[in-house]
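These notes are about the structure you will find just below.
The values are calculated or read from the model by the stated rules, or taken from the named source; none is laboratory data. Here the structure is a predicted model, which is why all the values come from computation and not from measurement. Glycine gets a Cβ as well: all are built from the backbone with ideal geometry, and neighbour counts include every protein chain shown.
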Amino acid sequence: MFDIGFMELLLVAVIALVVLGPERLPGAIKTTAYWVGKIRRSFQSVKSELEKEIDADGIRRQIHNEEVMKELNKTREQFQSEVSDLKNSISLDKAEEPAKDSSDKDNSGKDKQ
């Protein structure tokens, strides 16, 4: 997060020792550590809550996608059923045409008039 090296930490410690003195420095360190820990826990809590929410949103999207896919498959099956019915209807019409043509002609092969 912060790029603080050993020398920077040592400098901050010396300045704190000079400013606060040896009597108040341990209390200040404890207080600072307490607040830093509290802030870290707070950020960690927010982070985990966001991750849970993102996962829940992803699951909701996945469920929605599955429902859409089911509807698409159902529609596709209906479409294929209609297509096969049309093919059967067309093949029946073609089968009836030669029968009509042969009934329109007499035995000599000439058209009836």
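The rows are residues; the columns are (1) of a type in the set (A, V, I, L, M); (2) surrounded by 10 or more Cβ atoms within 10 Å (Cβ to Cβ); (3) free of Cβ contacts under 8 Å to residues at least 60 places away in the same chain; (4) touching a helix residue (DSSP H, G or I) at 6+ places or on another chain (Cβ under 8 Å).
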position: PHE6; (1), (2), (3), (4): no, no, yes, no
position: ALA13; (1), (2), (3), (4): yes, yes, yes, no
position: LEU25; (1), (2), (3), (4): yes, yes, yes, yes
position: GLU53; (1), (2), (3), (4): no, yes, yes, no
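Among the residues of the stretch 16-46, those that are of a type in the set (Gly, Ala, Ser) and modelled with pLDDT under 95 comprise ALA16, GLY21, GLY27, ALA28, ALA33.
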